[in-house]
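S.K.: Take a look at this one; I'll ask things after.
The values are calculated or read from the model by the stated rules, or taken from the named source; none is laboratory data. All values reported here derive from a predicted model rather than from experimental measurement. Using ideal geometry, Cβ is built from the backbone for each residue, glycine included, and neighbour counts are taken over all protein chains shown. SASA here: full protein model, heavy atoms, side chains in, ligands and nucleic acids out. Shrake-Rupley method; radii C 1.70, N 1.55, O 1.52, S 1.80 Å.
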Amino acid sequence: MSQHRNTIGHYIVELLAVNGIDTVFGIPGVHTLELYRPLADSALRHILVRHEQGAGFSADGFARISGRPAAAFVISGPGLSNILTAVGQAYSDSVPMIVIASTPVCASLTKGWGVLHELRNQHALAQSVFGFARTALSAEDVRDHLRAALASFKGVRTRPAYLEIPLDLLSKPTALRAERFADAGNTPQAVNLHAAIEALEEAKRPMIIAGGGARAAGAAIHDLLDKLDAYLVTTTAGKGIVNESHPGNIGASLPYRHTQELIAEADAVLAVGTEIAETDVYNVTRLPMRGKLIRVDVDPLKLSDHYQADFRILGDANAALTEMASAVTPRQGWRTQSGPAASHRSRINATFDHATHARIAALNAIRAALPVDGAVFSDMTQIAYVGNYAFAVDKPNLWHHPSGYGTLGYALPAAIGAKIAEPDRAIVALAGDFGVMFTLSELMTAVEEKISLPVIVWNNAALGQIRDDMVAAGIGEVGVVAQNPDFVATAKAFGANAVLARNADELTRAITRSLDAPGPTLIEAREIDFALTDRQ
Ligand SMILES: Cc1ncc(C[n+]2csc(CCOP(=O)(O)OP(=O)(O)O)c2C)c(N)n1
Ligand SMILES: [Mg+2]
């Protein structure tokens, strides 16, 4: 037994535990046996998922809700390729996680011997998806790479990190003992704000656009918004930075024409912690802007992208905006003349069709069942697209969506991860009938872990968004209707609770009950029922 305590596999697990990682999602295999041996006696909690994609999405949800990174252990080859979709999602939304993979034996690497779980070049595959990817060939490598990987989470942009290690090294002895790495915190300071403040002072129609990178700057944005009599629009990741009922907050409405016109009207736009990416704006690649553009970002590359900023501020959003807010003179102006956010929201809402109103009715029913800090993890489904804007929140981090990479299958495993990080939080998964099938197997993980989780399946018996896009483009409907299982019966067969909610009240009641139920509850809501109710 004692020789097993001094292996590199043991060292990896100890290093993770000593450096604050307390949860690992994964599926063991023959290649990772020596990573799993130390787990039995370690402080790390292991959650067995049903597919490596589930491990990645769960680690993502864990980090989004708690701000803490989790680990995932995957086997060489298919274990890695299976988790990559979730890594792509975490990369595009700047979510930290540390993935540890085995590789086939050292001597075989890149030689194409045809060994078990062989990839032509496993490292190259990881390199092209993770923000940080290293290969360890010794215990010293493990220490140095893990130190750098954990430090990378505090760097300019947080991205998922990867460490691979040949399986024959996992059982090798090492004299190294786990150490706590020094804190590599490097919060950048805001610089050169003067000119930007002057531009804001001169502006007659100032607008703030805030993204996920501004989440810690809520109080300063609130202050600026009031002093400048300005409007705020957020991305989905920035949703709730300022209470969405604030009279200046038009919410996560970038994809809507009315908001885009308002931004074009602004004579100064302060864009903070946002890529203003195509996936923030949706129907155009580039927002029309005519005013001066001030950008605040920790990433120098963002400050030099296709939006040519008049003023670039490299640094921490909170530091920069706090200084701006204290420098500007309070005034009455654009918002007083052009009306509160609610009047702009009514103009946006007036463009919604009947189906969208049915989705909003269901979103309101979900909202009604959740306590103030309840959070939703959504999938790529029509109800979530409108929810990005219409689900009302008064704080950040309550509405989560696979924004940038836009992958199906995210909601259920991400919600499981969030619930593991914060078991006392009310968390809901919201997925479409097609998307939920990608990772429905993770319902078994939730059953096994006895996680009280409402899993709402918004069923329109179609790949609804794609069908609508085909119809709009005059394309015959191909591959947009799929046969669904009986969701309620399927969930029951997993050992989960399950119920059909036929209207908004039933949906609210079902969610309320399932927040405290032992184990998960699949709640099927059929769009057609909500549309009918809405018409009555
Ligand atoms: C991995 C992946 N494959 C394909 C797509 C393309 N896609 C986006 S939405 C969608 C339809 C999803 O249907 P459903 O989950 O039922 O949601 P609905 O649009 O009907 O609300 C598809 C296929 C995607 N986003 N991700
Ligand atoms: Mg659907």
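S.K.: Lysines near K450 by alpha-carbon distance under 22 Å, same-chain residues fewer than 8 away left out - which ones?
M.R.: Within the straight-line limit of under 22 Å, K450 reaches these lysines: K419, K492.
S.K.: So, one more: Quote the convex hull volume per residue of the stretch 127-258, based on C-alpha atoms, as a whole number of Å³.
M.R.: Cα-based convex hull of the stretch 127-258, divided per residue, equals 172 Å³.
S.K.: Please find the FRET efficiency linking L33 to K111, where r is the Cβ-Cβ separation and R0 is fixed at 35 Å, and quote it to the nearest 0.05.
M.R.: According to the calculation, E is roughly 0.90.
S.K.: Another question about this same structure. How far apart, in nm, are the 7 Å Cα→Cβ label points at I528 and Q308?
M.R.: 5.4 nm
S.K.: Now for a different question. Mind pulling up the Rg/Rh value for the stretch 245-352? Radius of gyration and Kirkwood radius, both on Cα.
M.R.: Using Cα coordinates only, the ratio equals 0.96.
S.K.: If you find the alpha carbon centre of the stretch 410-452 and of the stretch 132-180, how far apart are they in angstrom?
M.R.: Each part's Cα centre sits 29 Å from the other's.
S.K.: With a cap of 13 neighbouring Cβ atoms within 10 Å, and only residues DSSP puts in a loop, list the GluC sites (Glu not before Pro) found in the stretch 437-495.
M.R.: Sites meeting the loop and neighbour criteria: E477.
S.K.: Still on this structure, I have one more. I'd like to check one number: the per residue accessible area of the stretch 324-393, probe 1.4 Å, reported in Å² as a whole number.
M.R.: 37 Å²
S.K.: With contacts defined as alpha carbon pairs under 8 Å and 6 or more residues apart, what's the relative contact order of the stretch 406-536 in percent?
M.R.: Relative contact order comes out at 28 percent.
S.K.: Express the relative contact order of the chain as a whole percentage, based on alpha carbon pairs under 8 Å and six or more residues apart in sequence.
M.R.: The value is 13 percent.
S.K.: Any chance you could list P(r) for the chain, counting all Cα-Cα pairs in 10 angstrom bins from zero, rounded to whole %?
M.R.: The calculated distribution, bin by bin, is 4, 18, 26, 24, 18, 8, 2, 0.
S.K.: Can you classify the stretch 428-515 as rounded, prolate or oblate using the Cα gyration tensor, where a ≥ b ≥ c are the square roots of its eigenvalues, rounded means a/c under 1.5, and otherwise it's prolate if a/b beats b/c and oblate if not?
M.R.: Judged from the Cα gyration tensor, the stretch 428-515 comes out prolate (a/c at least 1.5, a/b above b/c).
S.K.: A follow-up question, please. What number do you get for the stretch 57-209 when its Cα radius of gyration is normalised by 2.2 N^0.38 Å, N = residues?
M.R.: After normalising by residue count via 2.2 N^0.38 Å, the value is 1.34.
S.K.: A further question follows. So how much accessible area does S152 have, in Å² to the nearest 10, using a 1.4 Å probe?
M.R.: S152 exposes around 30 Å² with every protein chain in place.
S.K.: Give me the lysines in straight-line cross-link reach of K292: C-alpha distance below 23 Å, same-chain residues under 8 apart excluded.
M.R.: Here the lysines satisfying the reach criterion relative to K292 are K204, K227, K302.
S.K.: While we're here: In whole percent, how big is the carbon plus sulfur part of the accessible area of the chain, probe 1.4 Å, protein atoms only?
M.R.: Taking all protein chains in place, the chain shows 53 percent carbon and sulfur surface.
S.K.: What does the accessible area per residue of the stretch 204-281 come to in Å², with a 1.4 Å probe and no ligands, DNA or RNA counted?
M.R.: Solvent-accessible surface per residue comes out at 26 Å².
S.K.: How do 478-488, 505-515, 40-50, 72-82 rank on mean C-beta neighbours within 10 Å, highest first?
M.R.: 72-82, 505-515, 40-50, 478-488
S.K.: Evaluate the relative contact order of the stretch 231-318 (contact order divided by residue number), counting alpha-carbon pairs under 8 angstrom at least 6 apart; express in whole percent.
M.R.: 22 percent
S.K.: So, for the stretch 80-129, what is the accessible surface per residue at a probe of 1.4 Å, expressed in square angstrom?
M.R.: 42 Å²
S.K.: If you project the alpha carbons of the stretch 479-536 onto their three principal axes, what span does each projection cover, largest first, in Å?
M.R.: Principal extents (Cα only, largest first): 35, 31, 14 Å.
S.K.: Quick check: convex hull over the Cα atoms of the stretch 3-61, volume per residue in Å³, rounded to an integer?
M.R.: Expressed per residue, the convex hull around the Cα atoms of the stretch 3-61 is 81 Å³.
S.K.: Another question, if that's okay. Just how large is the dipole of the chain about the Cα centre, in debye to the nearest 20, putting +1 at every Lys and Arg Cβ and -1 at every Asp and Glu Cβ?
M.R.: In debye, rounded to 20, the chain gives about 240.
S.K.: Within the stretch 227-353, what percent of beta bridges assigned by DSSP are antiparallel, to the nearest 5?
M.R.: If I count the DSSP bridges inside the stretch 227-353, around 0 percent turn out antiparallel.
S.K.: Please give the direction-averaged projected area of the C-alpha convex hull for the stretch 449-493, in square nanometres with one decimal.
M.R.: Spelled out: convex hull of the Cα atoms, projected over all directions, averaged, 4.3 nm².
S.K.: Please compute, for the alpha-carbon atoms of the stretch 327-393, the extent along each of the three principal axes and give them in descending order in Å.
M.R.: Result for the stretch 327-393: principal-axis Cα extents of 42, 30, 21 Å.
S.K.: Hey, could you grab the Kirkwood Rh for the stretch 371-482? Inverse mean 1/r over distinct alpha carbon pairs, Å, one decimal.
M.R.: 14.7 Å
S.K.: Are there trypsin sites (Lys or Arg not before Pro) in the stretch 58-165 that DSSP marks as loop and that have at most 16 other Cβ atoms within 10 Å, and which are they?
M.R.: Of the trypsin sites (Lys or Arg not before Pro), the ones in loops of the stretch 58-165 whose Cβ has at most 16 other Cβ atoms within 10 Å are K111, R120, K154, R157.
S.K.: Give the span of the stretch 201-291's Cα atoms along each principal axis, as three whole-Å numbers ordered largest to smallest.
M.R.: 31, 27, 20
S.K.: Please list the equivalent ellipsoid semi-axes of the stretch 95-163, computed as the square roots of five times the alpha-carbon gyration tensor eigenvalues, in descending order and whole angstrom.
M.R.: They are 24, 14, 8 Å, listed from largest to smallest.
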